[in-house]
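K.L.:
Submitted below is the structure of interest, expressed as structure tokens.
Derivation of every value follows stated rules applied to the coordinates shown; laboratory data play no part. Please read all numbers here as calculations on a predicted model, not as lab measurements. As a convention, Cβ positions derive from the backbone with ideal geometry for all residues, glycine included, and neighbour counts pool all protein chains shown.
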Amino acid sequence: MAVQRTFSIIKPDATNRNLTGAINAKFEEAGLRIVAQKRIHLTKAQAGVFYAVHAERPFYDELCEFMASAPIVVQVLEGEDAIAKNREVMGATNPAEAAEGTIRKEFALSIGENSVHGSDAPETAAVEIAYFFSGLEIVG
Ligand code: IDP
């Protein structure tokens, strides 16, 4: 498997609890390199565009409110098989179902306030990276 890039967000529940460093340590221990990173505070409208794929889901409004409730850290992670590796380190969406040692098992508060986002496929990774970063901001 070739070196890939994926898009990651450290969500408001995690930045609120000062967990950015602890979560980054999990990525780095898994062999993922943080090749771009910045702290931003989304508007609800910007969160809505990012999560447009979920617009018809019952939790969409709650999700957009949450993502705009506090600063987030957006990142590009790079490594061998980075998309799958990141999803593995994140753990299942619902922390009650997440495996031991994963970020969501250790840190997530609920299925909604689950500490991290990670792209699920190369196509979504490319779109998500381009929504938040210019090429000059990604330093591999
Ligand atoms: P993922 O983040 O593990 O890829 P998705 O199903 O794509 O999971 O959902 C996107 C995000 O929407 C989740 O990470 C979580 O924050 C939120 N979410 C998913 N399901 C629920 C729910 O049932 N209630 C509230 N929020 C949810």
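K.L.:
Given the residues GLU100, GLU128, which is the only one that is in contact with a Phe, Trp or Tyr (Cβ under 6 Å, 6 or more places away or on another chain) and within 22 Å of ASN24 (Cα to Cα)?
P.N.:
GLU128
Table: residues versus (1) under 16 Å from ASP13 (Cβ atoms); (2) without any contact (Cβ under 8 Å) to a residue 24 or more places away in the chain.
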residue	(1), (2)
PHE50	no, no
GLU56	no, yes
VAL76	no, no
ILE83	no, no
LYS105	yes, yes
PRO122	no, no
ALA125	no, no
GLY140	no, no
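K.L.:
What are the residues in segment 55-64 that are assigned to a loop (DSSP other than H, G, I, E, B) and either touching an Asp or Glu at 6+ places or on another chain (Cβ under 8 Å) or among the hydrophobic types (A, V, I, L, M, F, W, C) (or both), if any?
P.N.:
The initial filter retains those residues of segment 55-64 that are assigned to a loop (DSSP other than H, G, I, E, B), namely 55-59.
ALA55, PHE59, listed by residue number.
K.L.:
Taking the residues in segment 6-30 that are within 12 Å of the ligand (Cβ to nearest atom) and small (Gly, Ala, Ser) as candidates, determine which candidate is surrounded by the most Cβ atoms within 10 Å (Cβ to Cβ).
P.N.:
Restricting to residues being within 12 Å of the ligand (Cβ to nearest atom) and small (Gly, Ala, Ser), the top hit is SER8.
K.L.:
Could you pull out the residue among ALA30, ALA70, ALA14, ALA22 that is in contact with an Asp or Glu (Cβ under 9 Å, 6 or more places away or on another chain) and within 16 Å of SER119 (Cβ to Cβ)?
P.N.:
Of ALA30, ALA70, ALA14, ALA22, the one residue that is in contact with an Asp or Glu (Cβ under 9 Å, 6 or more places away or on another chain) and within 16 Å of SER119 (Cβ to Cβ) is ALA30.
K.L.:
Please go through segment 85-95 and give me each residue that is more than 19 Å from PRO12 (Cα to Cα) and of a type outside the set (Asp, Glu), ordered by number.
P.N.:
First, the residues of segment 85-95 that are more than 19 Å from PRO12 (Cα to Cα): 85, 88.
LYS85, the sole residue that qualifies.
K.L.:
Take segment 87-109 and flag every residue that is within 11 Å of the ligand (Cβ to nearest atom) and either out of contact with any helix residue (DSSP H, G or I) (no Cβ under 7 Å at 6 or more places or on another chain) or of a type in the set (Lys, Arg) (or both).
P.N.:
ARG87, THR93, ASN94, GLU97, ARG104
K.L.:
Checking the condition surrounded by 16 or more Cβ atoms within 10 Å (Cβ to Cβ) and more than 14 Å from the ligand (Cβ to nearest atom), which residue from VAL76, VAL3 passes? Reasoning before the result, please.
P.N.:
Values: VAL3 fails: surrounded by 16 or more Cβ atoms within 10 Å (Cβ to Cβ).
Within the list VAL76, VAL3, the selection yields VAL76.
K.L.:
Filter segment 4-39 for residues that are under 17 Å from ALA108 (Cβ atoms) and of a type in the set (Phe, Trp, Tyr) and give the result.
P.N.:
Answer for segment 4-39, where residues must be under 17 Å from ALA108 (Cβ atoms) and of a type in the set (Phe, Trp, Tyr): just PHE27.
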